[in-house]
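Visitor: Okay, here's the structure, questions in a sec.
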Amino acid sequence: MKRIWSMQQSFGRTSDILRKSLGISSVVADILAQRGFRRTEEAIEFLHPTLLNLHSPFCFHDMLQVIERLTLALQQKEKVLVYGDYDVDGVTSTTLLYKVLRDLGFQVVTYIPHRQAEGYGLHAEAIERAAQAGVSVLITVDCGITAVSEIGLARTLGIDVILTDHHEAPEFLPEAFALLNPKLANSGYPFRDLAGVGVAFKLAQALLQTLGNSTVGIHSEIELLDLVALGTIADLVPLSGENRIFVHYGLQQMQETRHTGLGALLEECGLGDKPLKAGQIGFVVAPRINAAGRMDSARAGLELFLTEDPERASELAQLLTQENQLRQETEQEILAEAIVLVEKEPLPRVIVLSSNHWHHGVIGIVASRIVERYYRPVFIIAEEGEEAKGSARGISGYPVLDQLSTQAHLLTKFGGHRAAAGFSLRTEDIVGFRAGLNEQALAFEETLFEEELKIDRYVSLDEVTGNLLHELEQMAPFGFGNPGPVLACKRIPVHSVSAVGKERSHIKFRFGSQGEQEGIAFRLGERLPELNRATRLDAAFSLDWNTFRGPENVQLMIKDIQVEADWRERPLAVKEDGRNAYQEIAATQVEPEIEWLDWRKLHRAEWPLPSNKGRIWVWDTNCRMPSLQRWNDFAEREPTQGENLQEEPYTLKISLTKIQSEKADLGLIYGLPLTEEDLKEGIDKLRKIGIYRIALAGFQSVPEERVRQRCGAITREELIQIYRDLLTKVKESNPFYIGSAPKLTSNERTALKIFEELGLIRCLGGTETDEIVLELVPAQSKLELGSSLRYRNAQEWLDRTISFQRDLGEKSLDKIGV
């Protein structure tokens, strides 16, 4: 099916700021701006993730209660069961928590249900067997949030259930001893998109920080991140926030993994001792682990990760490869049958297919392949006598779990996410299920079922260089929530086209007048006759290195290629100022000129304020962060001379429509703005609420220390002193504890991030509110502070700010504005 290519409008000013401050190409600056980065410091935190930004596990409201219960279990030598799931997320979660509990001295065992015999989640029979075996504490990982009756059974049998999960919660929650799920409305945790293994890691962090010692704990957190990265990548959670940090550092840790089985699996995949990418883990490593659970039992994967015997690990890794090959063969057989069934009838809005001889373990993958081919929501069902089990995959804008819930009256069980889900029903209800889903789909616009290929940036062929690829790689790891950038060339000259591969199913291109640029399109061999006739083509692609038989060259990885693409402009996903509290004024509206009032040298008592002060709005730059306030709120909060400035900005709690209806008369920009961006933002905010008469007031000089703090700037001398303090700690031990983040000064926190970026320290554990563990890394050569993007940007921002403030205090009114 021909896809529509869409590209977002450009972000001129924002992109230009990012390009200059980060020293990057306009291509990458545009992509960062499109993905919501407005300020340079935000982009730096994205490009250079830091473990120092991890949230405390004790943000979970129930975490302290969990640690108290597990401490009691340790003291009384109670038996603890870790109950997992059979996919990669479940297996890595089980492995991680088992190893931490074992190393801390717990009496711990594991259990993963059999996909075919038992299915997903907690099962009454398993709980009863656990009670008979003397288990008194059961910890679920990557499951349990819908297991109301099973957890009720565990309570009656005297088992305390600590539920750790990340799936969407039902209306009625299980009565577990404690619930750790970031998707619960009252969980307390600030990041809701953790994978199951991410939640398990948070529990492990809390255990290590509470019960750890010099033998277990100080290194353990970072040594677990390879497992966290593997499960996070495989479970297709967004690679943003903490997940991005986990995967960034987890891939590094994976190259020197302490887990014998994971090392053996990487060797089996041909990835041993190589730099790793998220895509390799998702498409090469993870399927082997999943294959065991799909085709038979996930216990082979669990044993692989738990064994410390290299020979046994190698045997198990080879077994998983064999299981994966069997899975691929089975998948291809089912896919071929499914395609025949689809093409017998006109293409429906929702594809629902079933058979009595399809293997339940692989129907989810087949569903994904059908989505790729037809761009429709797909529900594949394996009939097993009177009962049937299904797997669903969606398309953008189609909420799978919500749509399943509309057919709840036909389902015996269901659960999952917005994009994918699993379900069970009676075989006799499949026809009604199919009809019901398609009837519900009539409510969606036709455009929902048109596949859209989102282009990040149009480029010329000359811009496709190794330097561009190096810059794009800084945005990695790529995956769900942070897709690899897709570029496009229009009317690109075609030098040659040829089929390649064992079955000639791929196409190799040479682009450019001399064939200087290579491209490869996988699984497009059937289009060779059509593309071979073209002299120019529109190509959408990502970039990668081609190291096959020769030096490293840039290669176009073709996503789509057309004689003439069907283009559509994509509206802005976020506003230029990045703040959704304000709506854009219609582009067709002609704005009046601003009338400036100069009150910069007037004392407050001398301000010629109108009698109706309720119609005055103030852009107050004397907060820690500038904020827009009503006059009455500003007057109440205004500090007297000598008082500290406000620590927190005022929060605007009124809609733009309401503000505009009040016909505000006057705006104040109060206080000398610290940066040019602060001034522009204030003017923009006042314009958006219809204020074009603006006074400048209270422009006293700002202490340099406050300017430095606002810019995050630290002097070379301060950095040297902080580094010397670290060297003093190293004399006692390395690694070492440095204290909790709240006890660190802003300069110390900034310095640690700079040292981490320069490779001078490694953060081994701890979070933003807990004890931090660092390891000093000897410098291999002389380092330049300017090579730290954080340090360089802060210094440049400070210089710009000082110059801006000096000029602003003296500028004539006709020179102020944007």
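Visitor: Can you tell me which residues in segment 329-349 are within 16 Å of residue 379 (Cβ to Cβ), out of contact with any strand residue (DSSP E or B) (no Cβ under 7 Å at 6 or more places or on another chain) and not acidic (Asp, Glu)?
Guide: 334, 335, 339, 347, 348, 349
Visitor: Can you name the residue in segment 231-271 that is aliphatic (A, V, I, L, M) and within 14 Å of the chain's Cα centre (by Cα) and, of all such residues, is modelled with the lowest pLDDT? Spell out the reasoning first.
Guide: Narrowing segment 231-271 to residues aliphatic (A, V, I, L, M): 233-234, 236-237, 239, 245, 247, 251, 254, 262, 264-266, 271.
With the extra rule that they be within 14 Å of the chain's Cα centre (by Cα), the set shrinks to 233-234, 236-237, 239, 245, 247.
Values: 233: 97, 234: 95, 236: 89, 237: 93, 239: 96, 245: 97, 247: 98.
Per the criteria, the residue is 236.
Visitor: Can you list residue pairs whose Cβ atoms sit under 6 Å apart, with the first residue in segment 55-66 being touching a residue at least 12 places away in the same chain (Cβ under 8 Å) and closer than 10 Å to residue 179 by Cα and the second being among the β-branched types (Val, Ile, Thr) and open to solvent by less than 40 Å² (accessible area, probe 1.4 Å)? Count only pairs 6 or more apart in sequence or on different chains.
Guide: 66/162
Visitor: Tell me the residue from 199, 161 that is crowded, with 17+ Cβ neighbours inside 10 Å and within 24 Å of the chain's Cα centre (by Cα), please. Please lay out each step first, then the result.
Guide: Values: 161 fails: within 24 Å of the chain's Cα centre (by Cα).
One residue alone meets the criteria, 199.
Visitor: Look through segment 50-79, keep the residues that are touching a helix residue (DSSP H, G or I) at 6+ places or on another chain (Cβ under 6 Å) and among the β-branched types (Val, Ile, Thr), and return whichever of them is farthest from residue 186 (Cα to Cα).
Guide: If we take residues in segment 50-79 being touching a helix residue (DSSP H, G or I) at 6+ places or on another chain (Cβ under 6 Å) and among the β-branched types (Val, Ile, Thr), then 50 is farthest from residue 186 (Cα to Cα).
Visitor: Mind counting the residues in segment 700-714 that are hydrophobic (A, V, I, L, M, F, W, C) and surrounded by fewer than 21 Cβ atoms within 10 Å (Cβ to Cβ)? Full working, then the answer.
Guide: Filtering segment 700-714 down to residues hydrophobic (A, V, I, L, M, F, W, C) leaves 702, 707, 711, 713-714.
If we keep only those that are surrounded by fewer than 21 Cβ atoms within 10 Å (Cβ to Cβ) as well, we get 702, 707.
Number of matching residues: 2.
Visitor: Hey, among the residues in segment 103-120 that are part of a loop (DSSP other than H, G, I, E, B) and in contact (Cβ under 8 Å) with a residue 60 or more places away in the chain, which one's farthest from residue 384 (Cα to Cα)? I'd like the intermediate steps shown before the answer.
Guide: Taking segment 103-120 and keeping what is part of a loop (DSSP other than H, G, I, E, B), we get 104-106, 112-120.
Add one more test, that the residue is in contact (Cβ under 8 Å) with a residue 60 or more places away in the chain, and what stays is 104, 112, 114-116, 119-120.
Values: 104: 44, 112: 22, 114: 16, 115: 13, 116: 10, 119: 13, 120: 16 Å.
Among those residues, the one meeting the criterion is 104.
Visitor: In addition: Six or more apart or on different chains, Cβ atoms under 9 Å: show the pairs whose first residue is in segment 749-769 and farther than 18 Å from residue 787 by Cα and among the polar types (S, T, N, Q) and whose second is at pLDDT below 85 and surrounded by fewer than 18 Cβ atoms within 10 Å (Cβ to Cβ).
Guide: 767/740; 769/740; 769/742
Visitor: Same structure again: Being within 18 Å of residue 70 (Cα to Cα) and either among the polar types (S, T, N, Q) or open to solvent by less than 40 Å² (accessible area, probe 1.4 Å) (or both) is the filter here, so list the residues in segment 132-150 that pass it. Talk me through it step by step, then tell me what you get.
Guide: So in segment 132-150, the residues within 18 Å of residue 70 (Cα to Cα) come out as 134-141.
Passing the criteria: 135, 136, 137, 138, 139, 140, 141.
Visitor: Evaluate segment 225-240: report whether one residue or more is part of a helix (DSSP H, G or I), among the charged types (D, E, K, R), buried (at least 19 other Cβ atoms within 10 Å of the Cβ) and touching a residue at least 40 places away in the same chain (Cβ under 8 Å). Quick ask: steps written out before the conclusion?
Guide: Initially, segment 225-240 is screened for residues part of a helix (DSSP H, G or I), giving 225-234.
Within this subset, residues satisfying the condition of being among the charged types (D, E, K, R) are 226.
Checking the rest, the ones that are also buried (at least 19 other Cβ atoms within 10 Å of the Cβ) come to 226.
Pick out the ones that are also touching a residue at least 40 places away in the same chain (Cβ under 8 Å) and you get none.
Taking every residue of segment 225-240 in turn, none turns out to be part of a helix (DSSP H, G or I), among the charged types (D, E, K, R), buried (at least 19 other Cβ atoms within 10 Å of the Cβ) and touching a residue at least 40 places away in the same chain (Cβ under 8 Å).
Visitor: Among (1) open to solvent by 40 Å² or more (accessible area, probe 1.4 Å); (2) in a loop (DSSP other than H, G, I, E, B); (3) out of contact with any strand residue (DSSP E or B) (no Cβ under 9 Å at 6 or more places or on another chain); (4) in contact (Cβ under 8 Å) with a residue 24 or more places away in the chain, which single condition is residue 173 missing?
Guide: (3)
Visitor: Scan segment 453-492 for residues that are open to solvent by less than 40 Å² (accessible area, probe 1.4 Å) and farther than 30 Å from residue 246 by Cα and jot them down.
Guide: Passing the criteria: 459, 461, 464, 488, 489, 492.
Visitor: Also, I was wondering about something else. Given the conditions (1) out of contact with any helix residue (DSSP H, G or I) (no Cβ under 7 Å at 6 or more places or on another chain); (2) surrounded by fewer than 21 Cβ atoms within 10 Å (Cβ to Cβ), report the number of the one that residue 404 does not fulfil.
Guide: (2)
Visitor: Sticking with this one: In segment 1-40, how many are open to solvent by 50 Å² or more (accessible area, probe 1.4 Å), at pLDDT below 90 and either under 24 Å from residue 247 (Cα atoms) or in contact with a His (Cβ under 7 Å, 6 or more places away or on another chain) (or both)?
Guide: Going through segment 1-40 one residue at a time, the tally reaches 0.
Visitor: Could you check segment 436-446 and list, in sequence order, the residues that are touching a strand residue (DSSP E or B) at 6+ places or on another chain (Cβ under 9 Å) and more than 14 Å from residue 400 (Cβ to Cβ)? Can you show your working first?
Guide: Of the residues in segment 436-446, the ones touching a strand residue (DSSP E or B) at 6+ places or on another chain (Cβ under 9 Å) are 437-438.
438, the sole residue that qualifies.
Visitor: Only one of these is open to solvent by less than 10 Å² (accessible area, probe 1.4 Å), at pLDDT below 95 and more than 26 Å from residue 419 (Cβ to Cβ): 205, 209. Name it.
Guide: On the way: 209 fails: open to solvent by less than 10 Å² (accessible area, probe 1.4 Å).
Sole residue among the options that is open to solvent by less than 10 Å² (accessible area, probe 1.4 Å), at pLDDT below 95 and more than 26 Å from residue 419 (Cβ to Cβ): 205.
Visitor: Kindly evaluate residue 754 against the criterion of being aliphatic (A, V, I, L, M), open to solvent by 30 Å² or more (accessible area, probe 1.4 Å) and out of contact with any strand residue (DSSP E or B) (no Cβ under 7 Å at 6 or more places or on another chain). Walk me through it before giving the result.
Guide: Details: aliphatic (A, V, I, L, M): yes; open to solvent by 30 Å² or more (accessible area, probe 1.4 Å): no; out of contact with any strand residue (DSSP E or B) (no Cβ under 7 Å at 6 or more places or on another chain): yes.
Here the answer is no, as residue 754 does not meet what is asked.
Results for (1) β-branched (Val, Ile, Thr); (2) part of a loop (DSSP other than H, G, I, E, B); (3) in contact with a strand residue (DSSP E or B) (Cβ under 7 Å, 6 or more places away or on another chain), shown as yes or no for each residue.
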| position | (1), (2), (3) |
| --- | --- |
| 243 | no, no, no |
| 253 | no, no, no |
| 264 | no, no, no |
| 270 | no, yes, no |
| 291 | no, no, no |
| 302 | no, no, yes |
| 308 | no, yes, no |
| 320 | no, no, no |
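Visitor: Please find, within segment 387-396, the residue that is farthest from the chain's Cα centre (by Cα) out of those that are closer than 22 Å to residue 373 by Cα and open to solvent by less than 40 Å² (accessible area, probe 1.4 Å). Walk me through how you get there before you give the answer.
Guide: So in segment 387-396, the residues closer than 22 Å to residue 373 by Cα come out as 390-396.
Now drop any that are not open to solvent by less than 40 Å² (accessible area, probe 1.4 Å), which leaves 390-392, 394-395.
Details: 390: 28, 391: 24, 392: 23, 394: 19, 395: 19 Å.
Checking each candidate, the answer is 390.
Visitor: Right, residue 81: under 32 Å from the mean Cα position of the chain (by Cα), of a type outside the set (Phe, Trp, Tyr) and open to solvent by less than 10 Å² (accessible area, probe 1.4 Å) or not?
Guide: Details: under 32 Å from the mean Cα position of the chain (by Cα): yes; of a type outside the set (Phe, Trp, Tyr): yes; open to solvent by less than 10 Å² (accessible area, probe 1.4 Å): no.
When the stated conditions are applied, residue 81 does not pass them.
Visitor: Report every pair of residues separated by at least 6 positions or lying on different chains whose Cβ atoms are under 8 Å apart, first residue within segment 135-147 and of a type in the set (Gly, Ala, Ser), second part of a loop (DSSP other than H, G, I, E, B) and modelled with pLDDT of 95 or more.
Guide: Correct list of pairs: 136/78; 136/158; 136/159; 144/165; 144/174; 144/176; 147/174.
Visitor: Okay, next question. Residue by residue through segment 665-688, note down the ones that are crowded, with 21+ Cβ neighbours inside 10 Å and in a loop (DSSP other than H, G, I, E, B).
Guide: 671, 672, 673, 674
Visitor: Quickly run through segment 773-818 and pick out the residues that are open to solvent by 60 Å² or more (accessible area, probe 1.4 Å), at pLDDT 80 or above and touching a strand residue (DSSP E or B) at 6+ places or on another chain (Cβ under 9 Å).
Guide: The answer is none; no residue qualifies.
Visitor: Starting from segment 441-466, keep only residues that are without any contact (Cβ under 8 Å) to a residue 40 or more places away in the chain, then list their pairs with residues that are open to solvent by less than 70 Å² (accessible area, probe 1.4 Å) and not β-branched (Val, Ile, Thr) whose Cβ atoms are within a distance under 8 Å, requiring at least 6 positions of separation or different chains.
Guide: Note: pairs meeting the criteria are 460/489.
Visitor: Take the residues in segment 316-325 that are surrounded by 16 or more Cβ atoms within 10 Å (Cβ to Cβ) and free of Cβ contacts under 8 Å to residues at least 40 places away in the same chain; name whichever of them is farthest from the chain's Cα centre (by Cα).
Guide: Out of the qualifying residues, it is 319.
The values are calculated or read from the model by the stated rules, or taken from the named source; none is laboratory data. On a predicted model such as this, the values are computed, not experimentally measured, just so you know. Using ideal geometry, Cβ is built from the backbone for each residue, glycine included, and neighbour counts are taken over all protein chains shown. Each accessible area value is taken on the protein alone, full model and side chains, heavy atoms only, with ligands, DNA and RNA left out. Shrake-Rupley method; radii C 1.70, N 1.55, O 1.52, S 1.80 Å.
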